[in-house]
Amino acid sequence: MKIKLTITSLLFALATPVLAQTNAPVASSPIFEFLSTGTNWYAGTYGIYDTTSKQWGGGIGAGYKLSEFVVPIVRLDYIGSQIWVPSGSLQLQVPVTLFGKFTVVPFVFPGIATSLNNYNSGNNGDAVGIFGSGVMLRIPSTKWYVPSDVIADYERWTGGPFKDNQFRLGLSWKI
């Protein structure tokens, strides 16, 4: 509870309007400015196959491309008719252009996750390590409804009730 209160207080403090001038806009804050001016945002959706529970699921995620090589990502997975796990990871990638036409992006990532609903045991809030690798294929299009990437990955989850492998296949859009 103390952690939730501390995080909430910190977010509130960062989002509080900064009135440096008498005519400053009310909605001015570091977080608002960062979110509204970012052009490197990605959002995605994906399917999941969990090898331990033998169940299918899906998820949503968002990432911000800090550089061509580093992308922090947050996700929320849904498996077995349950909201299961929020997670965060740091994707390290190297874009490679093939034949002057196709861009393939192999990547690896470490991450951390936690259960929200006692999935498979009573380990709510326990930290779980995530290690994964995958590949993206960039889709060259300027249309907003065409995904910018097709993504496939393999993940190894460690600790608690999540000692298993997961496979993901999905699409992402540049926002």
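What follows is calculated from the coordinates using simple rules that are stated; it is not laboratory data. For clarity, every value in this text was computed on a predicted model and none was experimentally measured. Please note: Cβ atoms are built from the backbone with ideal geometry, for glycine as well, and neighbour counts cover all protein chains shown.
What to note about this one:
- For Thr142: the one exception among (1) farther than 19 Å from Gly170 by Cβ; (2) of a type outside the set (A, V, I, L, M, F, W, C); (3) in a strand (DSSP E or B): (3)
- So Leu92, is it in a loop (DSSP other than H, G, I, E, B) and surrounded by 13 or more Cβ atoms within 10 Å (Cβ to Cβ): no
- Scan of segment 140-175 for residues that are farther than 18 Å from Thr39 by Cβ, among the acidic types (Asp, Glu) and within 15 Å of the chain's Cα centre (by Cα), ordered by number: Asp153, Glu155
- Inter-residue pairs, beta-carbon under 9 Å, first at positive phi and in segment 74-98, second of a type in the set (S, T, N, Q) and surrounded by 15 or more Cβ atoms within 10 Å (Cβ to Cβ), 6+ apart: Gly80/Ser53
- All positions within segment 64-81 that are loosely packed, with under 15 Cβ neighbours inside 10 Å and within 8 Å of the chain's Cα centre (by Cα): Val74
To keep it simple, each residue is scored yes or no on (1) small (Gly, Ala, Ser); (2) farther than 14 Å from Arg75 by Cβ; (3) surrounded by fewer than 19 Cβ atoms within 10 Å (Cβ to Cβ); (4) in contact with a Cys (Cβ under 7 Å, 6 or more places away or on another chain).
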| residue | (1), (2), (3), (4) |
| --- | --- |
| Arg138 | no, yes, yes, no |
| Ser141 | yes, yes, yes, no |
| Tyr145 | no, yes, yes, no |
| Val150 | no, yes, yes, no |
| Trp157 | no, no, no, no |
| Lys163 | no, yes, yes, no |
| Phe167 | no, yes, yes, no |
| Trp173 | no, yes, yes, no |
